[in-house]
């Protein structure tokens, strides 16, 4: 199962936030999320009008495990504190379903 989450800037970062704070926060969040049992590999990048995270979950229970993990909660809270919010959150079961998210050229 693949979880594709699009994050967009919905608020302002604190005035004292470093210019690269968002990148640092996403790097830290991905590192923490990779350690939650069942999440598999997690990546982030720019796309779809924001920042996109992609996780290769073993099952829906892994998604619940992320929500319960205190380290994951803290890491994602840093992302939220920088003004990012979840704009889209999609679960797909196989790679063919991902094709609908790729812009047609």
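Please treat every number below as a calculation from the coordinates, not as lab data. Just so it is clear, the structure is predicted and the values come from calculations on it, not from any experiment. No Cβ is skipped: glycine too gets one built from the backbone with ideal geometry, and neighbour counts run over all protein chains shown.
Answer yes or no as to whether residue 61 is surrounded by fewer than 17 Cβ atoms within 10 Å (Cβ to Cβ) and touching a helix residue (DSSP H, G or I) at 6+ places or on another chain (Cβ under 9 Å).
Values: surrounded by fewer than 17 Cβ atoms within 10 Å (Cβ to Cβ): yes; touching a helix residue (DSSP H, G or I) at 6+ places or on another chain (Cβ under 9 Å): no.
No: the conditions fail for residue 61.
Residues in segment 48-58 that are farther than 18 Å from residue 94 by Cβ, part of a loop (DSSP other than H, G, I, E, B) and either without any contact (Cβ under 8 Å) to a residue 40 or more places away in the chain or in contact with a strand residue (DSSP E or B) (Cβ under 6 Å, 6 or more places away or on another chain) (or both): 48 only. Scanning segment 16-39 for residues that are within 13 Å of the chain's Cα centre (by Cα) and closer than 21 Å to residue 58 by Cα gives 29, 30, 31, 32, 33, 34, 39.
Residues considered: 45, 22. Of these, the only one that is outside any loop (DSSP other than H, G, I, E, B) and free of Cβ contacts under 8 Å to residues at least 12 places away in the same chain is 45.
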